C-alpha cells in the first residue's frame, strides 16, 4: 500500500532537502523564510509518521508543541523581515553583509 | 668571650664593613677620604688583633677550634653547616692573611690618596679580605667554595678598578674567565668527592674519615680535578696568563692578590686536602712537575720583562711553583712555610714597587728609572731586604723556606725536579737583582735628575713592618741541620712524607743553593752595574718569545677568544638568521595563509552560512548517532 510510513518518511526527507536547497541557494529573505518553514514541516511530518508507525503518542505531542513554536517563530521572522526592509529598502540577503571580511567581497 | 666565638667576628667584620662602605659610597652621601681610610684600615687591623687569641690557642694546644653558626642545608640525614673551623693550618693562614692584609690596607691609604673611587676601593679591598678569611676558615668544601668564588669576584672587581681603561677591563675579564676554568675543575672535584665519600656532614674532618671507602682511581680523579682549581687560582701553567695582566689594577691590589689573598688559595687548598693527596702520590708527582715547569718558565719570563710589576707578577708565579713542588713531593708544611715567607717578602716587593711607581710619576718601565738608592734610601733598604729574601740569602726568610723545599725535593729522590728548581733559583736571584740594580743603583742616565714625586709616609713605614717580618719569619722554620727544629712543621701538623737525609748532605745542598743564588746576583751585577757583559735584552733571538711568555697568551687569544668570536659570528649569521628566524617566519607566514583561507569562508552570504551550519549539525548528528547507535 502506498500510504505506508516509508512513503511519509521519504516525503519528510524530500521536504527537508527542498528547504536546504532553498536556504542555501536563494537570496530573497521571504524565500529563505519559506524554506525554513518547509524544513520544519518536514520534521513535523517525520514526527507524526513516527507516532503512527509505532503506537506511541510522544512524537505526536512534540509535533503539536512544534506547531506552536513555529507559529511564534513565524511572527518574529516576519517582523524581522519588515524591520530589515525598513533598514535597507531591500529583501535581498546579499545587501546585509556588514559582517563579511572586506577583502573577499 | 671564648676563642671560638671570635672566629665568626674575624670573618664577618671585613665583609660587613665592605657592605657599609660600599653602600655609603654608592649612595654618594659621603665623599671624603677620611672615613673610608679609617674604617677600611681599622677593620682589618681589628681582625688581625682579635684573631691573635684563637691563633695562639690553636697553635699552642694543637687542637682545632670549631664555631658552628647554623645549618645551611638539611636533607634527611645529610646536612651542610655554616661553621668555621680553625685548625693549625688555617691558623697560620689566618695570621698571614690578617697581618699582611692589614699592612697592605694601611699602605693603600697612602697609595690611593686623591683617587675618585677611594670608598669603592676600600669596600672592594675589605670584601677581598673577608672572602679570603671565609675561604680559610670554612669547615667544609662547600663553604670554602663560596669563599673561593668571592675571592674570584673581588679580584675581578679590583683588577678592573680603573673601569675607564679598556686594558683594565680586559684584564679583569681574563682573570675571571680563566679562574672559571679552574673553578670548573674544583667544582667537579668537590662534587665527585661528595658522591664517593657519602658523608652525613660534608666537612673536611668527615671526608678524611670517609676516604677509606673510595677506590684509588676515583681518588686520583678527585685529586686531579681539585688541582685544576688550584692551577687556575694560583696561576700555574697552563692557566697563568691572567696574572701578568692583572697588574692593570692598582699596586696595593697586586700586593694583596700576590701575598695574602687569591693566589695562595690554591696552595692552601692542596694543603687542606693533603690527607687526600697522601693516598695518591702519583698525582703529587704531576703537581710537583707542574709547579717545577711553572717555576722555571715564569723565572725565565720574569728575566725579560721591562715592566716592574710584570717582573714581580711572573716572580709570584715562579714562587707559587716552588710551593707546588713542595706540596707535590709531600712536604706540605714546607710549602706552607714558603707561602708564609713569600707573603711577607712579596708584599714588601710589591709595596716597594708601588712606591717607586709613584716616585716616577706612574711610569712602570724599569729602564726609565734609576738611581733611587742615592736619593731615596728609605725605599731602597726594604726593597733590598725583599730582594735578598726572594733570592734565598740568609738570614732572610726566603732562604729557609726555599732551601727546605729544595732539600726535601732532593731527599725524596726527585733529582730532575731538584735541578729545575735550582735553575729557577738562579734565575730568581738574577731577575730580582736585575730589577733592583736597574731601578735603584744604576745611574739612570736617560732619566737625568728629574724631580721625584712626593710619597705619603704611610707608604714608607709599612715597608719597614714587612721588612722586619721578612727577617723574622724565616726563623719559624730553621731546619734541624742548623740546630733548629723546624717549628712550623710541628705547628702545622700536616701529613708530611718523611724523608731521611744526613746533615752533611743537607749542608752541601744548602751551600749549593746559596752558591746558585749568589751567582745569579753576581750575573745581574756584572750586566747592569759594571756593564762588563753587554746587555743583550731585545737582541738575542730568544728574548722576544720570552718577553711575550712564549706567545702562550697570544695562542689562547687566537684559539679561544678569536675562535669563540668566529663561532659566535657564524651562529649570528647562519643559525640565527637562517635557521631560527626562518622557522619563525615560516610559522608567521603560515598563520597569514591560514587567515586568508578562513577569511574567504566569512564572505557574508547568508546561504553559505546556512550551509556551514547545516554541515556542522549534520556532522554532529552523525557523531551522536554513531555513539548511541552501537
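Rule-based calculations on the coordinates, nothing more; no lab input. Just so we're clear, the structure is a prediction, and the values are computed from it rather than from any experiment. Virtual Cβ from ideal backbone geometry, glycine too; neighbours counted across all protein chains shown.
Suppose R0 equals 56 Å. What FRET efficiency, 1/(1 + (r/R0)^6) with r the Cβ-Cβ distance, do residue B:60 and residue B:561 give to the nearest 0.05?
0.60
Take every Cα pair under 8 Å in the range A:5-95 that's 6+ residues apart, average their separations, divide by the length, and report that relative contact order as a whole percent.
30 percent
In nm, give the distance between the simple-model label positions of residue B:493 and residue B:522, each being 7 Å from the Cα along the Cα-to-Cβ direction.
Using points 7 Å along Cα→Cβ, the separation is 4.6 nm.
Report the relative contact order of the range B:280-547, percent, no decimals, based on alpha-carbon pairs under 8 angstrom and at least 6 residues apart.
25 percent
Please rank B:470, B:199, fewest neighbouring Cβ atoms within 10 Å first, as an exposure proxy.
Arranged by neighbour count, lowest to highest, B:470, B:199 become B:199, B:470.
With a cut-off of 18 Å, note down the residues of the range B:453-481 whose backbone N falls inside the zone around a label point 7 Å from the Cα of residue B:503 toward its beta carbon.
Within reach of a label on residue B:503, which here means backbone N under 18 Å from a point 7 Å along Cα→Cβ, the range B:453-481 contributes B:477-481.
For a footprinting-style exposure proxy, rank B:148, A:3, B:72 by other Cβ within 10 Å, fewest first.
The most exposed by this proxy come first: A:3, B:72, B:148.
For the range B:65-153, what is Rg from Cα atoms divided by 2.2 N^0.38 Å, rounded to two decimals?
1.31
How high is the FRET efficiency from residue B:601 to residue A:4, r the C-beta distance, R0 51 Å, rounded to 0.05?
Efficiency, rounded to the nearest 0.05: 0.75.
Based on DSSP H runs of at least 4 residues, each adding -39500 (n - 2.57), what is the mean residue ellipticity at 222 nm of chain B after dividing by all its residues, to the nearest 500 deg cm²/dmol?
After summing the helix terms and dividing by the residues of chain B, the value is -22500 deg cm²/dmol.
For the residue pair residue B:381 and residue B:584, what label-to-label distance in nm results when each label sits 7 Å from Cα along the Cα-to-beta-carbon direction?
Those two pseudo-labels are separated by 7.1 nm.
Dividing the convex hull volume of the alpha carbon atoms of the protein assembly as shown by its residue count, what do you get in Å³ per residue?
With only Cα atoms used, the protein assembly as shown gives 310 Å³ per residue.
Can you classify chain B as rounded, prolate or oblate using the Cα gyration tensor, where a ≥ b ≥ c are the square roots of its eigenvalues, rounded means a/c under 1.5, and otherwise it's prolate if a/b beats b/c and oblate if not?
The shape class here is prolate.
Would you please classify the overall shape of the range B:556-628 from the alpha carbon gyration tensor, given that a ≥ b ≥ c denote the square roots of the eigenvalues, rounded means a/c under 1.5, and beyond that prolate means a/b larger than b/c while oblate covers the rest?
It comes out oblate by the Cα gyration axes.
Sticking with the crude label model, points 7 Å out along Cα→Cβ, report the distance from residue A:60 to residue A:82 in nm, one decimal please.
That separation, rounded to one decimal, is 3.6 nm.
Which shape class, rounded, prolate or oblate, goes with the range A:5-95 when its Cα gyration tensor gives a ≥ b ≥ c as root eigenvalues, a/c under 1.5 marks rounded, and past that a/b bigger than b/c marks prolate?
Verdict is oblate for the range A:5-95.
Considering the range B:475-611, what Rg and Dmax in Å follow from its alpha-carbon atoms?
38.8, 117
Want the number for residue B:218 to residue B:591: 0.36 nm per residue separation, take away the alpha-carbon distance, what's left?
The span from residue B:218 to residue B:591 would gain 128.7 nm if fully extended.
Can you tell me how much longer the chain between residue A:90 and residue A:18 gets when fully stretched, taken as 0.36 nm per residue apart minus their C-alpha distance, in nm with one decimal?
23.5 nm
Tell me, what is the percent relative contact order of chain B, built from C-alpha pairs under 8 Å that lie six or more residues apart?
So the answer I get is 12 percent.
Can you sort B:25, A:83, B:68 from fewest to most other Cβ atoms within 10 Å of each residue's own Cβ?
So the ranking, lowest neighbour count to highest, is A:83, B:68, B:25.
Sorted by average packing, counted as other Cβ atoms within 10 angstrom per residue and highest first, what order do B:130-139, B:236-245 take?
Highest to lowest by the protection proxy: B:130-139, B:236-245.
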